[in-house]
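Asks: Here it is, the structure, as structure tokens.
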Amino acid sequence: MSKFLALVVLIAAPSARADAPLEEQRFALERRIADAPWDLSLRLRLVDLETRLGSLRRALEDVRIAEVAFPRESRLPVLEAEILLLSERPAEAEAILDSIIAGPGRHRHAYRVRGRAREALSDRVGAAEDYGAALLLGPDVEIYLARGRLLEGLRRWEDGLQNYRQGLRETGATPIRRALITIQTRMGRLDAAIAHVDVLVSQAQVATRFLVLRASLLERQGRSAEARRDRELALAQAEALYARRPSPLALMERGRARLALGQRAAAREDLERASRQAPQLFEARDLLSRLAGAGR
């Protein structure tokens with residue numbers, strides 16, 4: 001769902017209690033629209049609710065009604081394409097977006113949505129081009145990450161690297177720095193990757209995961225003593241975190257550090273406890289899977 005869809009609720013005045021079930025809110029909105037059929041903000045809010053409820057057919061119908069009522073509202077065709085995409089109809093979404101992009105004006109969001117449609121159609125080259133066109137109209141962390149992922153999938157390593165570097169310059173976002181570390185590691189540029197991990201270590205209050213990551217890169221360079229120091233520091237930080245604030249997250253970080261140090265039984269205990277206490281902590285389960293795989 002786009003930022004536009006997510007922000008629709010902010011456009012309209014409240015129509016029901018904030019904690020009311022979505023179905024009640026939809027019924028209340030439909031009554032208000034009957035009294036004010038020319039209020040675009042109400043219709044947009046209704047589309048947002050229908051989308052969140054999974055009523056995509058009704059959302060699509062309401063968007064098309066709005067397009068007839070408000071033919072000059074340029075956001076509506078893109079919104080229609082988004083709902084078609086959510087409805088797993090990417091070819092229809094692409095056709096609408098082709099028409100929009102062929103017209104005058106700046107089409108940053110249309111490029112972004114068409115990129116998603118082309119990804120769904122397995123057109124990775126076209127999707128990467130669309131994300132690139134969107135970025136020419138302004139930086140966006142999610143688009144940099146999506147474009148980089150596609151370029152890596154196409155094995156265009158240098159293009160992917162430059163994409164992330166530009167994204168980091170433009171946004172300074174940690175997810176992009178982490179993507180840079182990943183691609184530089186894959187390309188064997190370990191010194192550059194370590195330099196970026198150094199930044200993350202310096203910025204984090206508790207740097208367990210980044211210390212463990214740096215240790216793995218140092219180990220690959222044959223710098224075993226430095227790697228060992230990072231792993232021990234990671235465990236010390238994780239234990240201090242758990243002493244201050246015992247939580248599933250702190251248990252997971254301690255398990256991560258223990259796993260890195262080869263303390264398999266203690267790591268398993270921490271990670272299993274973290275998973276039991278917070279089943280939504282998927283990373284703990286991933287670490288447990290890694291531990292199980294290493295034991296084979």
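The values are calculated or read from the model by the stated rules, or taken from the named source; none is laboratory data. Treat the numbers as computed from the prediction; the structure is a model and nothing was measured. With ideal geometry, Cβ positions are generated from the backbone for all residues, glycine too; neighbour counts draw on all protein chains shown.
Asks: Residues Arg245, Arg229, Arg290, Arg285: which one is at pLDDT 95 or above and of a type in the set (D, E, K, R)?
Replies: Just one listed residue meets the conditions, Arg229.
Asks: Filter region 52-66 down to the residues that are surrounded by 15 or more Cβ atoms within 10 Å (Cβ to Cβ) and not hydrophobic (A, V, I, L, M, F, W, C), then identify the one that is nearest to Ser41 (Cα to Cα).
Replies: Per the criteria, the residue is Asp62.
Asks: What's the total number of residues in region 202-233 that are part of a helix (DSSP H, G or I) and farther than 20 Å from Ser275 by Cβ? Break it down stepwise before answering.
Replies: Our first condition is that a residue be part of a helix (DSSP H, G or I); within region 202-233, this holds for 202-203, 208-220, 224-233.
Still in the list and also farther than 20 Å from Ser275 by Cβ: 202-203, 210-211, 213-220, 224-233.
Final tally of qualifying residues: 22.
Asks: I'm trying to understand the selection: among the residues of region 92-113, which are part of a helix (DSSP H, G or I) and over 18 Å from Val63 (Cα atoms)?
Replies: Applying the first criterion (part of a helix (DSSP H, G or I)) to region 92-113 yields 92-102, 108-113.
Asp98, Ile101, Ala102, Arg108, Tyr111, Arg112, listed by residue number.
Asks: Out of the residues in region 194-215 that are among the small types (Gly, Ala, Ser) and surrounded by fewer than 16 Cβ atoms within 10 Å (Cβ to Cβ), which is nearest to Gln184 (Cα to Cα)?
Replies: At the first step, the residues of region 194-215 found to be among the small types (Gly, Ala, Ser) are 195, 202, 204, 207, 215.
Adding the requirement that they be surrounded by fewer than 16 Cβ atoms within 10 Å (Cβ to Cβ) leaves 195, 202, 204.
On the way: Ala195: 11, Ser202: 20, Ala204: 21 Å.
This residue is Ala195.
Asks: I'd like the residue in region 248-296 that is in contact (Cβ under 8 Å) with a residue 24 or more places away in the chain and outside any helix (DSSP H, G or I) and, out of all such residues, is nearest to Leu211 (Cα to Cα).
Replies: Going through the qualifying residues, I end up with Leu261.
Asks: For region 215-232, what are the residues that are of a type in the set (A, V, I, L, M, F, W, C) and within 20 Å of Ala284 (Cα to Cα)?
Replies: We begin by selecting, within region 215-232, every residue of a type in the set (A, V, I, L, M, F, W, C); these are 215, 217-218, 225, 227.
Ala215, the sole residue that qualifies.
Asks: Still on this model: For the list (1) in contact (Cβ under 8 Å) with a residue 24 or more places away in the chain; (2) basic (Lys, Arg); (3) over 23 Å from Gly167 (Cβ atoms), I need the number of the one condition that Arg89 fails.
Replies: (1)
Asks: Within region 129-146, count every residue that is surrounded by fewer than 20 Cβ atoms within 10 Å (Cβ to Cβ) and over 12 Å from the mean Cα position of the chain (by Cα).
Replies: 7
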